[in-house]
Every structure is written in structure tokens, then in C-alpha cells.
Amino acid sequence: AYWRSWRVTDVPGSVAGEPAGFSAIAIECVDGGLVDGFVCRNIRINGGCMLPVFIRADRRMNRTTGARRGSYDVLRNVLIENVSGHVLSAVPSIVSGLPDFRVQNVTFRNVHLISRGIGSYEDLHETTPIEIANRTPLAGMFCQALPAHGLWARHVDNLKLENSTFSLDTREAVVFEDVK
């Protein structure tokens, strides 16, 4: 998939000062899917969403039989490039897999994002995101208060940040858990 220019502006149904949607960029792999070689570039985010980038690997089970739906479980080789702007909440970008279904080879290149600064450093570090699996990925699935304001990543192999900045908050800009 490739988007050349995409703008989050004047979102229908939005209320002034509040996010209108979950994510500006959402890349999700569930149900035994295969996502490989995804490029997303030249994007300007002008508020209107809860978080800028949401990349999630998960497994949903068939609700009737409890069986797996697919057999691949691959989310790899993702490039997020030339993305800038701001979001209206304090939720950071998220890259998250599972201990046995890891996101692989994600690069943030020339990404410059500003988030709304709320919450104290101490308050937000008391929240440890729980491990959530076997459900539909949603931008707010971990909690509102994550320990980073720019990027939070867990269960990821080969995550690269090149010429990227995250600003405006009292928390850490970037927090990694089980990331190589």
C-alpha cells in the first residue's frame, strides 16, 4: 500500500478541540494475516485524531469455534517516512506485537510529531500497559496514559528511528519494552 499525500483536516463530525478519529495511520495484522513491505510517506497530520501512528500485530480467534483464522502471523518491513504534525490527545504512537508474534523491521524516518502535554511524569509512570491479545486492535486498547508521549513500542524486532522527533510533554519521548 502506498499513499502519496493524505491529510487529516476538517474531519466530518469532529468537535473543536477533540479528536475525531482513532489513528491518522493504522497498520494492523490479525487473523493470521500477512503484512509485508508497507510504505506510508508524505503525510501531514493536523489534529483530528487520538494518536498519529498505530501499528499492531495480534491474533483474534474465531468466536464460534475458538480456532485461529489464518496461518501467516507476519507484520514486517514497514516504512513511515516524512510524517509531521500534531494530535489532540496525549496518547503516543504505538508499535506493538505479542511475545510470540513480534512486529519486525519498522522504520520511522523524518517523522516529527507534537502531542498535547497532559499528565505528570509520576502519574503516568504508575501505569504499566497490560498485555492484551486475541482481540480487535484499537488505538486506545492499552490505556490513555502510556509511559511515553512520542512513541511506545513493545515486542518489536529491528525498530529504527531516523531523524525523528517527538515533542511537548513531561513524560519520556520514547519508551521501549522488549524491543530489539
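Could you please let me know if Val83 is farther than 12 Å from Cys29 by Cβ, crowded, with 23+ Cβ neighbours inside 10 Å, modelled with pLDDT of 70 or more and in contact with a Lys or Arg (Cβ under 9 Å, 6 or more places away or on another chain)? Show your work before the answer.
Numbers: farther than 12 Å from Cys29 by Cβ: yes; crowded, with 23+ Cβ neighbours inside 10 Å: yes; modelled with pLDDT of 70 or more: yes; in contact with a Lys or Arg (Cβ under 9 Å, 6 or more places away or on another chain): yes.
Answer is yes for this residue.
Name the pairs whose Cβ atoms lie under 7 Å apart, with the first residue in region 25-45 and over 20 Å from Ser71 (Cβ atoms) and open to solvent by 10 Å² or more (accessible area, probe 1.4 Å), the second part of a loop (DSSP other than H, G, I, E, B) and basic (Lys, Arg), and 6 or more positions between them or separate chains?
Asn42/Arg4
I'm trying to understand the selection: among the residues of region 87-103, which are modelled with pLDDT of 80 or more and open to solvent by 20 Å² or more (accessible area, probe 1.4 Å)?
Pro99, Asp100, Arg102
Here is a yes/no grid of residues against (1) part of a strand (DSSP E or B); (2) at pLDDT 70 or above; (3) closer than 22 Å to Arg154 by Cα; (4) open to solvent by 30 Å² or more (accessible area, probe 1.4 Å):
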site: Pro52; (1), (2), (3), (4): yes, yes, yes, no
site: Arg56; (1), (2), (3), (4): yes, yes, yes, no
site: Thr64; (1), (2), (3), (4): no, no, no, yes
site: Tyr72; (1), (2), (3), (4): no, yes, yes, yes
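Assess whether Val39 counts as being modelled with pLDDT of 70 or more and assigned to a strand (DSSP E or B).
Answer is yes for this residue.
The values are calculated or read from the model by the stated rules, or taken from the named source; none is laboratory data. In this text the structure is predicted, and so the values were computed from the model without any measurement. Glycine gets a Cβ as well: all are built from the backbone with ideal geometry, and neighbour counts include every protein chain shown. Accessible surface is based on the protein model in full, side chains and every heavy atom, while ligands, DNA and RNA are left aside. Shrake-Rupley method; radii C 1.70, N 1.55, O 1.52, S 1.80 Å.
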